[in-house]
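Inspection log for the structure reproduced underneath, given as structure tokens.
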Amino acid sequence: MKRSQAVLVTGATYGIGRAILEKFSKEGRRVIAVARSRDKLKDLVQDIRSRGGEADYICADLSDPTAVKRSMKSLLNRLAPLDTVILNAGNSNNMAFENTTDKLRREEFDLNYFSPALIIEILLPHLLNQKNPHIISIGSLTGFVPFPGNSNYASSKAALYHLMRNLMIELKDENIHLGIVIPGLVMTQLSEGMGGIIPALTSEEVAESTYECYQDESFSVIPGLTNNLTYLFDRLFPELFSNIIKIFGPSFIPSFPVRKTKENQKKQKRKVKPEVKTKNQMKLRTKKARA
């Protein structure tokens, strides 16, 4: 029996990835989940199969290039054909730049940028041989607008966006759709405890936008009216937008770092009153010292 074309979803065991996997499965597509936890993958696949869906999984740590190469080759050998790849796996350290290290910054880029690039490199020859292939990345609005307190994450998402945009142009003569979904804040385990004036999206809303990107073969989709207005305002008035963030950042940006300047630190030191010792305390200390 000929196997149907599959949809590959990375970071598929929770949040946005799981919602995307569920959405494509409900639409009748065979799905392949990729994540680190074998137990969670088994439960996820079993749940989809129990509802009549077709599902398989690949267990891999996508931050490790050796694991990426091994898992993608195994995928092609065991679970091909596939015509749709959705690159969702990512991570954020939620740290101000001053608190990060070179090691942490590289680890974040490994998963958010280098891993998707490597997956595309490995799977592209296979995809180009399919009838109607798709590669869709899950980006972030932070790849365009200021995101103080998470600048490295924002930089990795900007790199991912430009990778997809350049590939779309480089592969213009090929029969392949390249797209990117650009959500703002989404309430997942990654963003737990965050909040701000701008309303957060749900994983299901991002999944719907991803399916819209797939169906319409759009290059970019920004879910939510507020996120679209934010993107547009930043494109039209970048300097003004940056100045607004400087002033109102803690209200808009969930990870905005409240940083103490040297001047403020000096003022705080001046406000600290010196300890005033009574005569009795002085006598008591003298006695203890003599003892």
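Estimated from the Cβ-Cβ distance and a Förster radius of 25 angstrom, the FRET efficiency linking Ile122 and Lys2 is about 0.60. Here the Karplus relation 6.51 cos²θ - 1.76 cosθ + 1.60, evaluated at θ = phi - 60°, turns the backbone of segment 68-78 into coupling constants of 4, 4, 5, 5, 5, 5, 5, 4, 5, 6, 9 Hz, with x for every Gly and Pro.
Of the trypsin sites (Lys or Arg not before Pro) in segment 1-103, the ones in a loop by DSSP (not H, G, I, E or B) with at most 13 other beta carbons within 10 Å are Lys2, Arg3, Arg51.
Read the figures in this text as sums done on the coordinates, not as results from a lab. Values in this document were obtained by computation on a predicted structure and should not be read as measured data. All Cβ positions, glycine included, derive from the backbone under ideal geometry; neighbour counts span all protein chains shown.
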